[in-house]
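Participant: The structure that follows is given in the form of structure tokens.
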Amino acid sequence: MPTSPHFVFKSEAFPVEPGEDAEVNPGVFGKALAGWLADELRKAGYEVKGALAEDFGRLVELGAPSGRLYVAASSTDESATEWRVFAISEQGLLTRLRGGPGASEILAGITPKLRNLLVAHPGIHDLQEDGDVDDA
């Protein structure tokens, strides 16, 4: 699945709830971060359809002009203070055949918004951006 660059940063602003990793894998956190992202993306005009627990963390599902769009949020290496955020776009065959916006275009639209949200949060520091949009 195509993904945006990964944003990795440090923050103590997203406290881990006791037992939250029981919904994902042991030592994987991100429920508070996903909740914050959902709220901020809603304020930015995105339709937030919900949040899901996945093995690697949390997914915030967003309305997309075509296909599916998610923002992934998780801790890194069992840390409760280092985080990773990135977007994932799934485009079906019919969307591609009809000439709808491709995954790269959709990801290119949300990537700067994610970057701006993270930069604007006063509790986030050491923000790094890892990689370009991946069309795999």
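The values are calculated or read from the model by the stated rules, or taken from the named source; none is laboratory data. Keep in mind it's a predicted model, so treat the numbers as computed, not measured. Please note: Cβ atoms are built from the backbone with ideal geometry, for glycine as well, and neighbour counts cover all protein chains shown. Please note that ligands, DNA and RNA were not included when accessible areas were found on the heavy atoms of the full protein model with its side chains. Shrake-Rupley method; radii C 1.70, N 1.55, O 1.52, S 1.80 Å.
Participant: Rounded to the nearest 20 Debye, what is the dipole magnitude of the chain about its Cα centre when Lys and Arg each give +1 and Asp and Glu each give -1 at the C-beta? Before the final figure, lay out each step's value.
Facilitator: Numbers: 12 positive and 22 negative charges, 141 e Å.
Using Cβ point charges on Lys, Arg, Asp and Glu, the chain gives about 680 debye.
Participant: Moving on. Rounded, prolate or oblate: which fits region 1-84 when a ≥ b ≥ c are the square roots of the eigenvalues of the alpha-carbon gyration tensor, with rounded for a/c under 1.5 and prolate only if a/b beats b/c? Provide the component values of the computation, followed by the final result.
Facilitator: Numbers: a/c = 1.72, a/b = 1.62, b/c = 1.06.
It comes out prolate by the Cα gyration axes.
Participant: Report, ordered by chain and residue number, the aspartates and glutamates lying within cross-link reach of LYS43, taken as a straight Cα distance under 16 Å and ignoring same-chain residues fewer than 8 apart.
Facilitator: Leaving aside aspartates and glutamates fewer than 8 places away in the same chain, those within reach of LYS43 are GLU61.
Participant: Compare the Cα positions of GLY27, PHE56, VAL119 along the charge dipole of region 17-120 (+1 at Cβ of Lys, Arg; -1 at Cβ of Asp, Glu; about the Cα centre) and return the one farthest towards the positive end.
Facilitator: So the residue furthest toward the plus end is VAL119.
Participant: Mind checking the dipole of region 1-50: about its Cα centre, +1 per Lys or Arg Cβ, -1 per Asp or Glu Cβ, Debye to the nearest 20? The partial results should precede the final answer.
Facilitator: On the way: 5 positive and 8 negative charges, 44 e Å.
Dipole of region 1-50, to the nearest 20 debye: 220 debye.
Participant: Something else: If I compute solvent accessible area with a 1.4 Å probe over the protein chains, what percent of it on the chain is carbon and sulfur?
Facilitator: Working: 3500 of 7110 Å².
Solvent-exposed carbon and sulfur of the chain make up 49 percent of the total.
Participant: Another question about this same structure. Roll a 1.4 Å probe over the protein chains and send me the accessible area per residue for the chain in Å². Numbers along the way, then the final one.
Facilitator: Details: 7110 Å² over 136 residues.
On a per-residue basis, the chain sits at 52 Å².
Participant: For the chain, what is the mean residue ellipticity at 222 nm derived from helices alone (per DSSP H run of n ≥ 4: -39500 (n - 2.57); sum divided by total residues; nearest 500 deg cm²/dmol)?
Facilitator: On the way: 3 runs with 36 residues, N = 136.
When only DSSP H runs of four or more count, the value is -8000 deg cm²/dmol.
Participant: For the chain, build the charge dipole from Cβ charges (+1 Lys, Arg; -1 Asp, Glu) around the Cα centre, then report which of GLN128, PRO5, SER66 sits farthest towards its positive end.
Facilitator: SER66
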